[in-house]
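Structure first, then comments.
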Amino acid sequence: MSNTYTQFCKLEDVPVGGKKAAKINDTWILVCNIKDRLFAVSNFCSHQRKPLLSGRVRNCAITCPVHGAKFNLETGEALNLPATKPIPTYEVRVVDGWIEVKV
Amino acid sequence: MTAQTAEKMNMAKGEARCPNAPSTQDIIAKDSVAAPGWVRSESYQFLGDEDIPTERYYEEDFARQEYQNLWTRTWQFTCREEHIPEVGDYYVYDIGRKSFIITRVAENEVRAYYNACLHRGTKLRASGTDGCTSEFKCSFHGWTWNLDGSLKKAQCEWDFPHVKAEEFSLPQAKVQILAGFVFINMDHDAPALETYLGDEFMSHLSAWKLEDRYVHCHVSKIIPANWKLTMEAFMEAYHVIETHPQVAVSNADANSQYDFYGEHVDRFISPLGVISPHLAGQYTEQEIFDQFTIGDSGGVSTSQQLGENDTARAAMANMFRGMFEEASDSDLSHVSDSELLDCFSYTVFPNMFMFAGISLPMVYRFRPVADDHRKTLYEVFFLRPLPKSGERPEPAEQQHMADDQSFVDAEGMDDGFGVILDQDTENLLLQQQGVEASAKKGLTLGNYQEIRVRHFEQAIDKYVSGK
C-alpha cells in the first residue's frame, strides 16, 4: 500500500483558502489549499496529537489552535514551542479533478 | 570659520542653522505641488547643551529602572490590526521579561492579556508567535481561559476550592488602536494615547492614513548596542555625510529640519533630490538625479535625461508621481512633491519610529534584548498602501537576519536601502564599545541637528526617575 497515490477528495471540496481532513488507510491527512497550491500534512500536532484542522493557515504555515505550535506546511518543520518535532508531509497531486495523496 | 558662521555662532543657543544653504522650508516652498500644513510647520526649541550621561547605555541598574518605571508606563506598538483580523486571532508581544497575548475578542475589541498561566505560571503562548484560537489552554496542566479572559477550566477543580473563578480572569494591560497600530500600556492610570501623543502629532498622523496600509515586509535583527543608542543612530541626518556618503549627493543633510511636539514625539524632515550642503557645487543636477536612492523603489529604473533648466528634485517628484500612481493604481496628482520624495522620520516614545511620505514607508521598533540590555532587537516594517481592490493582503512574516547578515539579504528589501541600514547598524558596536571605553562620561550634542536625541533622553530621564 505504501508509495502509491490514493484519492483523497474532489478538488472542488478544498477551494482556495480551504482545508479538509480525512483518513487514508489508518492515517489522518490534512490537505490545505493556499493560493491554488495544495499541501498535505498529518492532521495531528506533533506536540499533543491534537487535530490541526481548525488551525489558522497563514504564509504557508499552520498553527495548532490548542497550544499554538506552528508548522511549515511544505517541510513539516515545527516553527515554535511547545512543538519541537516536525509533522509528516505527503506528496499531493490532482488527477482528473481529484486530489490524490501519496501515503 | 567663515564670517557668516562666526556670526551665527554669536546667535542665541539653538538658533544657528546650516550656513550658505537653503532651509528645508526654502526647498519645499519651491516645489510645484505644495506641501500640506504638517510639512510646512516648524516646532523647535533649545533644550539645553549639557552632556548626556552615558551610564544609561551600559549600566544594568539603569536598564532595571527602565523596566520598572518606563516600559511599565508608556504606550507601545505591539502589532498591526491586520495581524489579528479575526476573532480569536492573537499575536504575542514581549518587552523584557513581560509578555502579552494581543487578541481580538470581538469584532471591535482587542485585549492584551499577561501571557502567563495563573496556576503555575507557564506562558500560555510561546514568545514571538501568532495564531488563532477559541480558548487559551496551558500546555502544562491544561488550565484554560476563554477568549474574554474568564477562567474556563481549572484542571481537577475539586483540588482547588480556594480558586474563585471571578478572581482568576487573565490580567490585562490597556489597549488602544490608532492608525492600524495596536498599542498597549501596562499602567491603568496612563493618559489616553491621544493625550500622550498630543493634538499636533495626532493631526499629522490622521493625514497619513496609515490604517489603509499593510505590512509588506518585516525584517528584524539583533544590534549589539543598547536600545537607546540604537534608536539615536536614526534620529538625525547629521551622520549622512560620513556614514552614507553615497546618498549625500542627493540628500539635504546638514539643512534638514528638526522638530518636537510635547514630550513623546519628535521628527526630522530630510529633503531628498537636493545636494548636501557639504557637497554644494560639486555635482550637476543630472548627477544628483542619477544618484538618488529610494527605499521602496519596486525595482523601477531611474534613468532619465534632464532638460537644461530642470532640477533633479522636480524631475524626481514627477518620476515618483508616475511610478507610484502606476504601482498603487491611484491618482497622486495632488500629493505634494515633498510627500513623494522626502524622509519624514518621527519618534513615538519610547521605541517606535513612524515614517510619513510615500517613498520611505517604514516603521521601526526597538526593544532591549530581555537578558542583555546592551543588545537591541531592531525591526523594520514596510507599510504599503492597500491595493485598490481594498482587499487586505496577509501581513508579511517576520524575517530574522543573523547577526552578521546584511539587510540586503531580506526578501522585499530594496538593495540601496539595505546598504543604508547596514551602514547605520555597523557603527553601533563601535559606539557601544567606545561609550564604555571612554574617559569622557557624557555625549556632547549639537544644539539643532541632535535635538531629537536630547528630547528623547529628557523623556527617558523623566520616566526613569519615576516622575
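Looking at the range B:435-455, I want the residues that are within 17 Å of residue B:269 (Cβ to Cβ) and assigned by TED's automatic domain parsing to the domain that holds residue B:266 and have a partner that is at pLDDT 95 or above and of a type in the set (Asp, Glu) with Cβ atoms under 6 Å, at least 6 apart or on another chain. Which pairs are those?
Pairs found: B:449/B:236; B:450/B:236; B:452/B:266; B:453/B:232; B:455/B:266.
Would you point out the residue of the range A:64-82, among those that are within 14 Å of residue A:43 (Cβ to Cβ) and at the interface with chain B (Cβ under 9 Å from one of its Cβ atoms), that is surrounded by the fewest Cβ atoms within 10 Å (Cβ to Cβ)?
Taking the range A:64-82 as the starting set, the residues that turn out to be within 14 Å of residue A:43 (Cβ to Cβ) are A:64-66, A:69, A:71, A:73, A:76.
From what is left, the residues that are at the interface with chain B (Cβ under 9 Å from one of its Cβ atoms) are A:64-66, A:69.
Values: A:64: 26, A:65: 22, A:66: 24, A:69: 30.
Checking each candidate, the answer is A:65.
Take the conditions buried (at least 22 other Cβ atoms within 10 Å of the Cβ) and under 18 Å from the mean Cα position of the chain (by Cα) and apply them to residue B:269. Does it pass?
Against the criterion (buried (at least 22 other Cβ atoms within 10 Å of the Cβ) and under 18 Å from the mean Cα position of the chain (by Cα)), residue B:269 qualifies.
For the range A:35-53, which residues satisfy the criterion of being more than 8 Å from chain B (Cβ to nearest Cβ), over 10 Å from the mean Cα position of the chain (by Cα) and not in a strand (DSSP E or B)? Even if it seems obvious, please write down each step before you answer.
Narrowing the range A:35-53 to residues more than 8 Å from chain B (Cβ to nearest Cβ): A:35-46, A:49-53.
Still in the running and over 10 Å from the mean Cα position of the chain (by Cα): A:35-37, A:45-46, A:49-51.
Scanning the range A:35-53 gives A:35, A:36, A:45, A:46, A:49, A:50.
Across the range B:418-467, which residue is surrounded by the most Cβ atoms within 10 Å (Cβ to Cβ) among those that are more than 23 Å from residue B:70 (Cα to Cα) and among the β-branched types (Val, Ile, Thr)?
B:425
Checking residue B:86 against (1) under 30 Å from residue B:332 (Cα atoms); (2) within 14 Å of another protein chain (Cβ to nearest Cβ); (3) of a type outside the set (A, V, I, L, M), which single condition isn't satisfied?
The number of the failed condition is (1).
Taking the conditions exactly as written (under 25 Å from residue B:130 (Cβ atoms) and surrounded by 13 or more Cβ atoms within 10 Å (Cβ to Cβ)), does residue B:411 satisfy them or not? Reasoning before the result, please.
Details: under 25 Å from residue B:130 (Cβ atoms): yes; surrounded by 13 or more Cβ atoms within 10 Å (Cβ to Cβ): no.
Spelling it out, it is not the case that residue B:411 is under 25 Å from residue B:130 (Cβ atoms) and surrounded by 13 or more Cβ atoms within 10 Å (Cβ to Cβ).
Scan the range B:123-147 and report the pairs whose first residue is more than 10 Å from chain A (Cβ to nearest Cβ) and whose second residue is of a type in the set (A, V, I, L, M) and outside any loop (DSSP other than H, G, I, E, B), with Cβ atoms within less than 7 Å and a gap of 6+ or a chain change.
B:145/B:151; B:147/B:105
Can you pull out every residue in the range A:83-92 that is farther than 14 Å from residue A:30 by Cα and away from chain B (no Cβ under 14 Å)?
Looking only at the range A:83-92, we keep the residues that are farther than 14 Å from residue A:30 by Cα, and these are A:83-86.
If the condition is that a residue be farther than 14 Å from residue A:30 by Cα and away from chain B (no Cβ under 14 Å), then A:85, A:86 are the ones that fit.
Considering only strands (runs of 3 or more DSSP E) fully contained in the range B:100-210, which possess at least 3 residues that are in contact with a helix residue (DSSP H, G or I) (Cβ under 9 Å, 6 or more places away or on another chain)?
Answer list for the range B:100-210: B:172-178, B:181-185.
Applying the selection to the range A:50-103, what residues are aliphatic (A, V, I, L, M) and under 14 Å from residue B:132 (Cβ atoms)?
Here is the first cut: in the range A:50-103, the residues aliphatic (A, V, I, L, M) are A:52-53, A:57, A:61-62, A:66, A:69, A:73, A:78-79, A:81, A:83, A:87, A:92, A:94-95, A:99, A:101, A:103.
Within the range A:50-103, A:52, A:53, A:57, A:61, A:62, A:66, A:69 meet the criteria.
Check the range B:221-228 and report whether any residue there is within 16 Å of the chain's Cα centre (by Cα), among the basic types (Lys, Arg) and modelled with pLDDT of 95 or more.
Yes, the range B:221-228 contains a residue that is within 16 Å of the chain's Cα centre (by Cα), among the basic types (Lys, Arg) and modelled with pLDDT of 95 or more.
Answer yes or no as to whether residue B:99 is over 19 Å from residue B:175 (Cα atoms) and among the small types (Gly, Ala, Ser). Even if it seems obvious, please write down each step before you answer.
Details: over 19 Å from residue B:175 (Cα atoms): no; among the small types (Gly, Ala, Ser): yes.
When the stated conditions are applied, residue B:99 does not pass them.
Could you tell me which of the residues B:225, B:237 is of a type in the set (Gly, Ala, Ser), assigned to a loop (DSSP other than H, G, I, E, B) and touching a Lys or Arg at 6+ places or on another chain (Cβ under 9 Å)?
Details: B:237 fails: touching a Lys or Arg at 6+ places or on another chain (Cβ under 9 Å).
Going through B:225, B:237 in turn, just one is of a type in the set (Gly, Ala, Ser), assigned to a loop (DSSP other than H, G, I, E, B) and touching a Lys or Arg at 6+ places or on another chain (Cβ under 9 Å): B:225.
Restricting to the range B:441-467, count the residues that are in a loop (DSSP other than H, G, I, E, B), farther than 27 Å from residue B:17 by Cα and either touching a helix residue (DSSP H, G or I) at 6+ places or on another chain (Cβ under 7 Å) or at pLDDT 95 or above (or both).
Our first condition is that a residue be in a loop (DSSP other than H, G, I, E, B); within the range B:441-467, this holds for B:441, B:444-450, B:465-467.
Subsequent filtering for residues that are farther than 27 Å from residue B:17 by Cα retains B:441, B:465-467.
Adding the requirement that they be either touching a helix residue (DSSP H, G or I) at 6+ places or on another chain (Cβ under 7 Å) or at pLDDT 95 or above (or both) leaves B:441, B:465-466.
Counting residues in the range B:441-467 that are in a loop (DSSP other than H, G, I, E, B), farther than 27 Å from residue B:17 by Cα and either touching a helix residue (DSSP H, G or I) at 6+ places or on another chain (Cβ under 7 Å) or at pLDDT 95 or above (or both) gives 3.
Looking only at the range B:282-293, decide whether some residue is assigned to a loop (DSSP other than H, G, I, E, B), touching a residue at least 40 places away in the same chain (Cβ under 8 Å) and under 24 Å from the mean Cα position of the chain (by Cα). Give the derivation first.
Taking the range B:282-293 as the starting set, the residues that turn out to be assigned to a loop (DSSP other than H, G, I, E, B) are B:282-284, B:291-293.
Checking which are touching a residue at least 40 places away in the same chain (Cβ under 8 Å) leaves us with B:291-293.
Restricting the remaining residues to those that are under 24 Å from the mean Cα position of the chain (by Cα) gives B:292-293.
Yes, there is a match, as at least one residue in the range B:282-293 is assigned to a loop (DSSP other than H, G, I, E, B), touching a residue at least 40 places away in the same chain (Cβ under 8 Å) and under 24 Å from the mean Cα position of the chain (by Cα).
The values are calculated or read from the model by the stated rules, or taken from the named source; none is laboratory data. Since the structure is predicted, the reported quantities are computational estimates derived from the model, not experimental observations. We place every Cβ from the backbone using ideal geometry, glycine too, and count neighbours over all the protein chains shown.
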